[in-house]
1. State, to one decimal in nm², a quarter of the convex hull surface area for the C-alpha atoms of region B:73-186, i.e. the direction-averaged projected area.
2. Quote the convex hull volume per residue of region B:179-281, based on C-alpha atoms, as a whole number of Å³.
3. Angle, helix A:188-204 long axis vs. longest principal axis of chain A, Cα atoms, 0 to 90°, nearest 10?
4. What is the helix-to-structure angle for A:47-62, meaning the angle in degrees between its Cα long axis and the longest Cα principal axis of chain A, kept from 0 to 90 and rounded to the nearest 10?
5. What list of ³J(HN,Hα) values in whole Hz, one per residue of region A:107-123 in order, does the Karplus curve 6.51 cos²θ - 1.76 cosθ + 1.60 (θ = phi - 60°) give from phi, with Gly and Pro shown as x?
6. Give me A:101, B:38, A:228 sorted ascending by neighbouring Cβ count inside 10 Å, so fewest comes first.
7. So if we plug the beta-carbon distance of residue B:226 and residue B:255 into 1/(1 + (r/R0)^6) with R0 = 41 Å, what FRET efficiency do we get, rounded to 0.05?
8. Inside 10 Å of the C-beta atoms of A:35-47, what's the mean count of C-beta atoms belonging to other chains?
Amino acid sequence: MTATAELADIVPARRSSTIPRQGPLKFIRDTWLVFQRQNLLVVRTPIRLVIGFAQPISYLLLFAPLLKSALGASTYAEAYRIYVPGLLVILVLLGGFFTGFGLLYELQTGVIERSRVTSISRIALLLGRALSEVATLMVQAVIITLIAIPFGLTVSIGPLLLAYALLILMGIMAASVSYAVALLIKSPAALGPIINVVSQPLALLSGVLLPLALAPHWLLSIAKWNPFYWATNGTRALFTGNIGDNSVWEGAIIMAVLATLCVFWAARLFARRVR
Amino acid sequence: MIETKGLRKTFHIGKGRKAATVDAVRGVDLKVGDAEIFGFLGPNGAGKTTTLRMLTTLLEPDGGDAVIAGADLRRDPARVRQLSGYVAQGGGTVDDATAREELVLQARMYGIGKDEAERRATRALDAFQLTDFADRRCRTYSGGQRRRVDIALGVIHEPKVLFLDEPTVGLDPQSRARMWDEVRRLRSEGMTVFITTHYLDEADALCDRLAIIDNGEIVAEGTPDDLKREIAGDVVTVDVNGSTPQAAELLTGRAFIRKLEVETDKGLRLYVDDGALAIPQIMRALDGSDIEFGGIGLNRPSLDDVFLTKTGRSLRD
């Protein structure tokens, strides 16, 4: 054993000087710590990836081929450019909304309590988890995009990455809302029905299955109150390659603002209810 | 090492008309010394867990003060977290992580750097004899192994005080004895260990001092021996084969009996000054009735008796 290693054994309480004790750096480090840990657990149980996947894949394979004639699209590429973004929005929206279950489960098993007696940042405990859930969803989103390519989807890489960024914001927002609702009602049995009641109309009113351009006026005017409607339009525009389209920045701004607000809302509830 | 003064917590439950308040903890004063194993006993709902959660910073007290290892609980909870460890009743290990991963993560959550965290994990695995299965997933561990990991997690940041919530619940006798050894080892290293338990034999065998909480207040505090001595005299158990009510009626009000407890429907527990003198009097009192004697026994008071006297309930209820 070298002299330095011995010294480290003798003075174990001394902390490495590279670890920030407070401030934004500590917060980023703590969030990263939680993010990595949650990712590790996802990788350990890959079945979790597959479960979230089954529904979008079957829609992609069994429903999307109908769309060319149903939408009156001239090519499969055009049909997929309309449909795939919608599918990804559903994936992120539902996947995000269901993250509250994981939080309730972890609160129950004591994993979070074990973290709370340490000096780790409280918001990092929540945000690290949300980001890991969103990362998992984005892996699924990438796979779905790749599967759609042989069916005729064409999309250029720049707009695609921007579309992913928009999806990440949607995921963070949905996950935060789910955490907040989970913390308010505290019951997994009640969380399921609430998510279903909220997410179905939200998804339909975003035009994820068929674009709301086909909708009657009254339906469209309701949809305009749904933030995911704007985000879905933005995502579609990006898949078509229209980076400059108004819907892109409209969707991005609406989602960025709402995601930030929802993260703060959930973090506040978390810090209060789970001190 | 731990000193509390008038620690209080009130819960508000329900809303609107049904709103009610529950005074879970109504002014707890405790003093726990250095390198001491301190037992905290109480029936369910007595305020045991609430007190523990306040001391571990998981719950904010409504009133009172506490100083833990020199850190003020109200003013500096962050420092209390650094100086104390906590192991919840259910532990908190994740099925799909390994003991080593859990230990490294826990150390890093306390702000320890990655390399140092790994060194500490290795040392802890060694100290708690977990090395053989350190890289297997926690779901494969036995109850006793998992509990040892929990405790190793609680002390990974080398705290001065360790809070253990019901550390041996659900363990077989062998694992239990093993846990006791681990707790004693931590004490010998200078750590103060604060334990809540339901098992009075555990409190008796393991704890240097203990306190009993009932209805949110401390009703007794001292060494196990002191507490037993406090209820002076002997305990006579009378087995009357189911005729307990009749026997109780015949014995109630006799001057030589300080206290009479009906224990299930099987027998009676009589607290008397001198058992040897009491037994003939008991026999005489029951003689002539048609009560069938199953047996009569003489015991020194146990912690069970202390508990029964102080709270009016048996801990097993």
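Read the figures in this text as sums done on the coordinates, not as results from a lab. Quantities reported herein were computed from a predicted structural model and do not represent experimental measurements. Positions of Cβ are backbone-derived with ideal geometry, glycine not excepted, and every protein chain shown enters the neighbour counts.
1. 7.0 nm²
2. In region B:179-281, the Cα hull volume divided by residue count equals 149 Å³.
3. 40 degrees
4. Its long axis makes an angle of about 10 degrees.
5. For region A:107-123, the Karplus-derived couplings read 5, 5, 7, x, 4, 6, 4, 4, 6, 6, 7, 8, 8, 5, 4, 5, 5 Hz, x marking Gly and Pro.
6. A:101, B:38, A:228
7. For residue B:226 and residue B:255, the calculated efficiency is 0.90.
8. 2
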